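The values are calculated or read from the model by the stated rules, or taken from the named source; none is laboratory data. Note that the structure is predicted; figures quoted are calculated from it, not measured. Positions of Cβ are generated from backbone atoms using ideal geometry, with glycine treated the same way; all protein chains shown enter the neighbour counts.
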Amino acid sequence: MTGYQPGQLAGLLSAQADSQLDGLFATSAKPITKEEVPVVAVTVPHRRTIEDVESDTEKGPSQKRPKNETRPTDPEADARTIFVGNVDISVLQDKKAANAFEKVFKAVGPVKAVRFRSIAISKFMDRKIAVRAGLLNDQRSTCNAYVVFAEKATVEEALKLNSIQFMDLTLRVDSVANPRSRDLKATVFVANLPFTIEEEAVRRHFAPCGTVVNVRLVRDRDLKFGKGVGYVEFKEQSSAGLALNLNDSTLEKRQIRVTFCQDSKAYSEKRAELGQKLNSQHKAKNCIRRLKSSKTKTATRKVAKMLKPQEKKFEGTRADRTKSPAEILAQTRKNLKYRR
């Protein structure tokens, strides 16, 4: 190979690579001038001053409700709402049953809304999601409902539907704004009930005593199951007396307790008065017991000290110079005889 110079091939290769790199980074777009740059409006946030804070405090507190605070009620809406208890749970799953339930109250007047509550679910999750997914607890067959009417005057007619039969269950109908007063003398308190019992079973158990007006079972707020206690209200006071004969009777394999229903306020006052008497008597007994125990403990210590074997000590016998040697010897012999 003639005319070859050292480094000539490397120069050709490097020149070719530089031309390819220049082609990759080259652009065909025109350079952007200053006049073609778009202008964007940027809003700078306002810096809060003392005047802004004072204006906020004048407007009042925040509208956010604390967690422990209950939801504000609407008196006007409550006046148009009724409570319906002992509703068959199938109204949540069957549209025909739901329409039939709503039709019962539409016969009285136009219904604006129907809300179902006190629904027991099978899993610990959001209640609304569980109801929509059909995850209901099989041990509960009833629920409660709130029916909102379009007019306030319709509520009076709807209250007449109390104790009507719907799907073989007796409905409890009451006003939300003005619930009816209970006759405590015609009401009995029932305890030791099964947690899964329904109102209809309690109603049938007490039906031989007289006409049952209302059955209320105390339920857990979260689980929606019974707490084992309830109230049965009769139409007549004499029926409540007959219901006491069902004390210690068996209802769904449990022995129930039946007593007269007492006014909670009067009962609490009577119980507080009795508690004060018992407390004073208990304090007096404790004082006497403490005095006796203190005397007994002191006597026990003395006897134990006397019976406890002690070492023979002669300290102090010769330190007393006021006594003669004969007296000291007699006292020493006496001590030895006592300690033996």
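It is to be established whether one or more residues within segment 216-239 are in a loop (DSSP other than H, G, I, E, B) and of a type in the set (Gly, Ala, Ser).
No.
Listed residues 128, 123, 103; which is closer than 24 Å to residue 163 by Cα, in the same structural domain as residue 81 (by TED's automatic domain parsing) and surrounded by fewer than 14 Cβ atoms within 10 Å (Cβ to Cβ)?
Going through 128, 123, 103 in turn, just one is closer than 24 Å to residue 163 by Cα, in the same structural domain as residue 81 (by TED's automatic domain parsing) and surrounded by fewer than 14 Cβ atoms within 10 Å (Cβ to Cβ): 103.
Take the residues of segment 76-91 that are out of contact with any helix residue (DSSP H, G or I) (no Cβ under 6 Å at 6 or more places or on another chain) and among the aliphatic types (A, V, I, L, M): which is surrounded by the most Cβ atoms within 10 Å (Cβ to Cβ)?
84
Looking at this structure, is residue 116 touching a Phe, Trp or Tyr at 6+ places or on another chain (Cβ under 9 Å), aromatic (Phe, Trp, Tyr), within 30 Å of residue 248 (Cβ to Cβ) and in a strand (DSSP E or B)?
For residue 116, the condition - touching a Phe, Trp or Tyr at 6+ places or on another chain (Cβ under 9 Å), aromatic (Phe, Trp, Tyr), within 30 Å of residue 248 (Cβ to Cβ) and in a strand (DSSP E or B) - is not met.
With the requirement that a residue be among the small types (Gly, Ala, Ser) and buried (at least 16 other Cβ atoms within 10 Å of the Cβ), what does segment 237-256 give you?
Matches in segment 237-256: 239, 240, 241, 243.
Quick one: which strands (runs of 3 or more DSSP E) lie wholly within segment 140-215 and hold at least 1 residues that are farther than 30 Å from residue 256 by Cα and in contact (Cβ under 8 Å) with a residue 60 or more places away in the chain?
142-149, 172-175
Which condition breaks for residue 131 when tested against (1) closer than 23 Å to residue 219 by Cα; (2) touching a strand residue (DSSP E or B) at 6+ places or on another chain (Cβ under 9 Å); (3) modelled with pLDDT of 90 or more?
(3)
Just checking, which of 308, 224, 323 is surrounded by 11 or more Cβ atoms within 10 Å (Cβ to Cβ), over 30 Å from residue 196 (Cα atoms) and either basic (Lys, Arg) or modelled with pLDDT under 65 (or both)?
Result: 323 is the single residue among 308, 224, 323 that is surrounded by 11 or more Cβ atoms within 10 Å (Cβ to Cβ), over 30 Å from residue 196 (Cα atoms) and either basic (Lys, Arg) or modelled with pLDDT under 65 (or both).
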